Protein chains: 2
Amino acid sequence: MNSENSQVAIDLLIHPKWIIPIEPTGVTLSDHALAVNDGRIVDVLPYDKALERYSSREELDLPGHVLLPGLVNLHTHAAMSLMRGYADDLPLTTWLTERIWPAEARHLTMDFVRTGTLLACAEMLRGGITTFNDMYFFPAAAVDAVRQSGMRAALGLVVLDHPTNYAADADDYLSKGLTLRDACKDHPLLSFCLAPHAPYTVTDKTFEKIATLSAQLELPIHTHLHETPNEIAESIKQYGVRPIQRLHTLGLLGPQFIAVHAVHLEAAEIDQLSHTGCHVALCPTSNLKLGSGIPAISDIHQRGINFGLGTDGAASNNRLDIFQEMRLSALLAKGVSEDAAALTAHQALQAATLNGARALGLDHQIGSLRPGKAADLCAVRIDDWMLQPCFDPASHLVYTAGRDNVTHTWVAGKLQMQENLPSNIDVQQLLAHTNIWHNRLAY
Amino acid sequence: MNSENSQVAIDLLIHPKWIIPIEPTGVTLSDHALAVNDGRIVDVLPYDKALERYSSREELDLPGHVLLPGLVNLHTHAAMSLMRGYADDLPLTTWLTERIWPAEARHLTMDFVRTGTLLACAEMLRGGITTFNDMYFFPAAAVDAVRQSGMRAALGLVVLDHPTNYAADADDYLSKGLTLRDACKDHPLLSFCLAPHAPYTVTDKTFEKIATLSAQLELPIHTHLHETPNEIAESIKQYGVRPIQRLHTLGLLGPQFIAVHAVHLEAAEIDQLSHTGCHVALCPTSNLKLGSGIPAISDIHQRGINFGLGTDGAASNNRLDIFQEMRLSALLAKGVSEDAAALTAHQALQAATLNGARALGLDHQIGSLRPGKAADLCAVRIDDWMLQPCFDPASHLVYTAGRDNVTHTWVAGKLQMQENLPSNIDVQQLLAHTNIWHNRLAY
């Protein structure tokens, strides 16, 4: 018999109807509980045993809910939430050169990025996302927003070879980025990636510099790659090779490399990404919406490439919603391969959690519900009458539920979203700031 | 000056922030109101003029909302909501022969269909759907549910050449169906289609009989067609021709014909559907989920074929959500054609409303906000903080909002959904009945 004194004191015991821990794979637990202390997962165990073993300051019953790891948005431009729906039904090149880049040239400031990133953080927390991998200008402003929101983020230190409001040339981008990284190095929820924008905006010399920095500083590299046929054709014209081959020659491919989009891949290129241990950030909504094409999700999956899911920016999606990307990835994998077993519900859930964490080099900290990992969690209520009946909670998360069914989001054990609202963001004030930018952009 | 007495008395004046009337095409109205009387749309006019002209018993201000026609679900098997997620990640043939058909053989009864259809009606009303085109067994039970819900529906008089719990042979299916139609012919919200199940379940003789009945009774025909490569291969083996050619020879193709799915089409077949004036019911989620393939939405659209959107049954989707199908159709049209301008937001909205009405021969009654048409409407609230900013309400409906943002659904002027609940369905009782069927199916 356990006496009161032999119990271990913990901060929080969560007792949902189901737990999907992601590790081990393909498992759905019933009658289990998750113990949290000091921001970390202490245990996942049968509920009756949890009551014996732990004395919790707080217990939360979630009788119609699934508890799973917080979702990882593996590619976004968070601040572009201010340009949600700003330019629809246009192809990538027109969209970028005639709408997005001119608007950015006119409006891009620290305040734009702070407001836009805060709006994105609020939306992402509402939808169960706890970590995002960002790529945008003025990352110092993004850091302000992320710290306020309480989210976890990998900030991309963006690099281009042409000037913007943010920086003058490649060295200036790099130096500003690395200074920011130094200033934030003790923040437990922040990490950084080197983020050369794309093969068509970055020179060989800059890519080589980035490869060296990545090795020296142990930073992941995150770049748009093989997004459109045009990008590939231009590379062949200018460099004589396709972008993946060019980056391989420049020494960029490897386990520290995240290829974003990877829509247009020859079989040999899928092999190359697989053999070199690269990761892929799939952004299926954005690829479809910009008319870039349909990513070969099933092939990428079958070749054992680690891939996660990204929303891309709200200007090309127009939601920062990983539930949509899970559903769409599973559907497209099946539709393209004409194999209904391609990318099952559990595999889509893993792509949206552990795989994203792995790509960012954060899988020792987040991405699954293993003791010792940070308590980055979301709870999804699936006993709503509209979602009945439920034969399999994993299937329900991917094919039936949506972000509107998320009820709680925790980051490092702190409850950062409940009752549809982020904990640390005043949404009325945020809306007022958003409206100012809306008016500036619209007129 | 208008005196009080010169005003026209009406039941309801709705004053939303925006109105998207679908006709004329591509229009979004601001500062307008919609007048309803006796279940019909009386007027769509500037709000200040509406206050002069009409005296309304009720006025409803919707200051953050878009008002549009109720959505039309052009193909579903409503009662299969009881099998939502019952068999995922399986290809069509396995899914049908090893999971769905055996379950139906064991469980199919009037009560199953009544409960399942009521659950589907509740879900559809919650998501702004006011009309659905159904194909399932025991349509008399579906009629019970539809009448209770207050929705509008076209009931498919299903026909197969093999026996089920419902009927013994083709003549029995037809006779039961036509008897039901006679019994319901005065119900203002009900219409009927002849619904031969598919080329692989219906003989030439039965198809010919159906063509004759369709001409005599002026009933649309609604059939699964060219859903999988296997269906086409089997048709070539058994009949020497592909199913579309077979049905053409049998006299079925024409303006009364709705081809459901139409995933695998040769260029000449798209021409044939176009020249004969056939309609297409696209069900993109279902096609992807069952691994059937990707419908050529952009080609179908460009050839001027009238196409609407269907969810298919919840067993292969797993939501009865036309917002999802609008978004996915627009995205797939762009992704497959690699043209971001393919199927714009306004075109997707038209597919989900007027085009569906036209396919059912109901476009004189519903599908757009023209005076004289029935007041089948839905209101979508898009001023939620998560959806900001909004540059274009049409884009927001298709790419940003979801069914969770629908706040009101009216059918023939009656408010059939508000505050997330259907007006005439007791959801607690419905859940209790659903749970009984859930337990029977699961164990």
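Anything in the range B:284-308 that is within 24 Å of B:ILE22 (Cβ to Cβ) and touching a Pro at 6+ places or on another chain (Cβ under 8 Å)? List them, or say none.
B:PRO284, B:PRO295, B:ILE297
So for the range B:349-361 (the condition being buried (at least 20 other Cβ atoms within 10 Å of the Cβ), farther than 29 Å from B:ASP111 by Cα, within 13 Å of chain A (Cβ to nearest Cβ) and not aromatic (Phe, Trp, Tyr)), does at least one residue qualify?
Yes: the range B:349-361 contains one or more residues that are buried (at least 20 other Cβ atoms within 10 Å of the Cβ), farther than 29 Å from B:ASP111 by Cα, within 13 Å of chain A (Cβ to nearest Cβ) and not aromatic (Phe, Trp, Tyr).
For the range A:123-142, what are the residues that are at positive phi and over 14 Å from the mean Cα position of the chain (by Cα)?
The answer is A:PHE138, and nothing else.
Being within 22 Å of A:ALA394 (Cβ to Cβ) and of a type in the set (S, T, N, Q) is the filter; apply it to the range B:71-96 and report the residue that is surrounded by the most Cβ atoms within 10 Å (Cβ to Cβ).
Result: B:SER81.
Based on this model, can you work out whether A:ARG327 counts as touching a residue at least 40 places away in the same chain (Cβ under 8 Å) and surrounded by fewer than 24 Cβ atoms within 10 Å (Cβ to Cβ)?
no
Considering every residue within the range B:116-131, establish whether at least one is of a type in the set (Asp, Glu), in contact with a helix residue (DSSP H, G or I) (Cβ under 7 Å, 6 or more places away or on another chain) and surrounded by 24 or more Cβ atoms within 10 Å (Cβ to Cβ).
Yes, the range B:116-131 has at least one match.
Mind listing just one residue for me: the one in the range B:305-335 that is hydrophobic (A, V, I, L, M, F, W, C) and under 14 Å from B:VAL260 (Cβ atoms) and, of those, nearest to the chain's Cα centre (by Cα)?
Of the residues in the range B:305-335, the ones hydrophobic (A, V, I, L, M, F, W, C) are B:305, B:307, B:309, B:314-315, B:320, B:322-323, B:326, B:328, B:330-333.
Next, only the ones that are under 14 Å from B:VAL260 (Cβ atoms) stay: B:305, B:307, B:309.
Numbers: B:ILE305: 17, B:PHE307: 11, B:LEU309: 6 Å.
By that ranking, first place goes to B:LEU309.
Considering the range B:84-103 alone, what residues qualify as being of a type in the set (A, V, I, L, M) and either closer than 18 Å to B:GLY177 by Cβ or more than 8 Å from chain A (Cβ to nearest Cβ) (or both)?
The answer is B:ALA87, B:LEU96, B:ILE100, B:ALA103.
Rundown of residues vs (1) basic (Lys, Arg); (2) exposed (fewer than 14 other Cβ atoms within 10 Å of the Cβ), yes/no style:
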site: B:GLN216; (1), (2): no, yes
site: B:GLU231; (1), (2): no, no
site: B:SER235; (1), (2): no, no
site: B:ARG242; (1), (2): yes, no
site: B:ARG246; (1), (2): yes, no
site: B:ALA259; (1), (2): no, no
site: B:ALA262; (1), (2): no, no
site: B:ASP271; (1), (2): no, yes
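Sort through B:TYR166, B:TYR173 and tell me the only one that's surrounded by fewer than 24 Cβ atoms within 10 Å (Cβ to Cβ) and either aromatic (Phe, Trp, Tyr) or within 14 Å of another protein chain (Cβ to nearest Cβ) (or both).
It is B:TYR166.
For every residue, the table says whether it meets (1) under 20 Å from the mean Cα position of the chain (by Cα); (2) closer than 29 Å to A:LEU328 by Cβ; (3) within 11 Å of chain B (Cβ to nearest Cβ).
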position	(1), (2), (3)
A:THR400	no, yes, yes
A:ARG403	yes, yes, yes
A:VAL406	yes, yes, no
A:LYS414	yes, no, no
A:MET417	yes, yes, no
A:LEU430	no, yes, yes
A:THR434	no, yes, yes
A:HIS438	no, yes, yes
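Considering only the range B:230-247, how many residues are assigned to a helix (DSSP H, G or I) and either over 25 Å from the mean Cα position of the chain (by Cα) or among the β-branched types (Val, Ile, Thr) (or both)? Outline the logic, then answer.
So in the range B:230-247, the residues assigned to a helix (DSSP H, G or I) come out as B:230-239, B:243-247.
Going one step further and asking which of them are either over 25 Å from the mean Cα position of the chain (by Cα) or among the β-branched types (Val, Ile, Thr) (or both), we end up with B:230, B:232-239, B:244-246.
Residues meeting the conditions: 12.
Report whether or not B:THR76 is more than 14 Å from chain A (Cβ to nearest Cβ), touching a residue at least 40 places away in the same chain (Cβ under 8 Å), out of contact with any Leu (no Cβ under 7 Å at 6 or more places or on another chain) and of a type in the set (Ser, Thr, Tyr).
So B:THR76 fails the test.
Among the listed residues A:LEU265, A:LEU369, which satisfies the condition of being outside the structural domain of A:GLY85 (by TED's automatic domain parsing) and either aliphatic (A, V, I, L, M) or closer than 27 Å to B:TYR399 by Cβ (or both)?
Result of the check over A:LEU265, A:LEU369: A:LEU369.
So how many residues does the range A:229-238 have that are in contact (Cβ under 8 Å) with a residue 12 or more places away in the chain and either more than 13 Å from A:GLU266 (Cα to Cα) or hydrophobic (A, V, I, L, M, F, W, C) (or both)?
Residues that pass the stated criteria total 5.
Restricting to the range B:253-307, what's the tally of residues that are within 14 Å of chain A (Cβ to nearest Cβ) and not in a helix (DSSP H, G or I)?
Looking only at that region, the number is 12.
Test A:SER316 against the criterion of being farther than 22 Å from A:ARG358 by Cβ and either at pLDDT below 95 or more than 9 Å from chain B (Cβ to nearest Cβ) (or both), and give yes or no.
Taking the combined requirement at face value, the residue satisfies it.
Residue-by-condition table, conditions (1) within 28 Å of A:ASP376 (Cα to Cα); (2) within 14 Å of chain B (Cβ to nearest Cβ); (3) not β-branched (Val, Ile, Thr):
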position: A:ALA105; (1), (2), (3): no, no, yes
position: A:MET110; (1), (2), (3): no, no, yes
position: A:ARG114; (1), (2), (3): yes, no, yes
position: A:CYS121; (1), (2), (3): yes, yes, yes
position: A:GLY127; (1), (2), (3): yes, yes, yes
position: A:THR130; (1), (2), (3): yes, no, no
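Exactly one condition in (1) crowded, with 17+ Cβ neighbours inside 10 Å; (2) out of contact with any strand residue (DSSP E or B) (no Cβ under 9 Å at 6 or more places or on another chain); (3) not hydrophobic (A, V, I, L, M, F, W, C) is not met by A:GLU227; state its number.
Unmet condition: (2).
Can you name the number of the only condition in (1) under 18 Å from A:PRO371 (Cα atoms); (2) away from chain B (no Cβ under 14 Å); (3) touching a Ser or Thr at 6+ places or on another chain (Cβ under 9 Å) that A:TRP18 fails?
Every condition holds for A:TRP18 apart from (2).
Within the range B:328-338, can one find any residue that is touching a strand residue (DSSP E or B) at 6+ places or on another chain (Cβ under 8 Å) and more than 8 Å from chain A (Cβ to nearest Cβ)?
Among the residues of the range B:328-338, at least one is touching a strand residue (DSSP E or B) at 6+ places or on another chain (Cβ under 8 Å) and more than 8 Å from chain A (Cβ to nearest Cβ), which makes the answer yes.
Go over the candidates A:LEU219, A:LEU213 one by one and state the one that is within 24 Å of the chain's Cα centre (by Cα), of a type outside the set (Gly, Ala, Ser) and either at positive phi or part of a helix (DSSP H, G or I) (or both). Write out each step before concluding.
Details: A:LEU219 fails: either at positive phi or part of a helix (DSSP H, G or I) (or both).
Result of the check over A:LEU219, A:LEU213: A:LEU213.
From the list A:ALA198, A:ALA154, exactly one residue is surrounded by 14 or more Cβ atoms within 10 Å (Cβ to Cβ) and either touching a Cys at 6+ places or on another chain (Cβ under 7 Å) or not assigned by TED's automatic domain parsing to the domain that holds A:ASN133 (or both). Which is it?
A:ALA154 is the lone residue from the list that is surrounded by 14 or more Cβ atoms within 10 Å (Cβ to Cβ) and either touching a Cys at 6+ places or on another chain (Cβ under 7 Å) or not assigned by TED's automatic domain parsing to the domain that holds A:ASN133 (or both).
Would you point out which residue out of B:GLU208, B:GLU269, B:GLU234 is within 22 Å of B:GLY156 (Cα to Cα) and either of a type in the set (A, V, I, L, M) or at pLDDT 95 or above (or both)?
B:GLU208
The values are calculated or read from the model by the stated rules, or taken from the named source; none is laboratory data. Small disclaimer: the values here were computed from a predicted structure and weren't measured. Every residue, glycine as well, gets a Cβ built from its backbone with ideal geometry; the counts of neighbours run over all protein chains shown.
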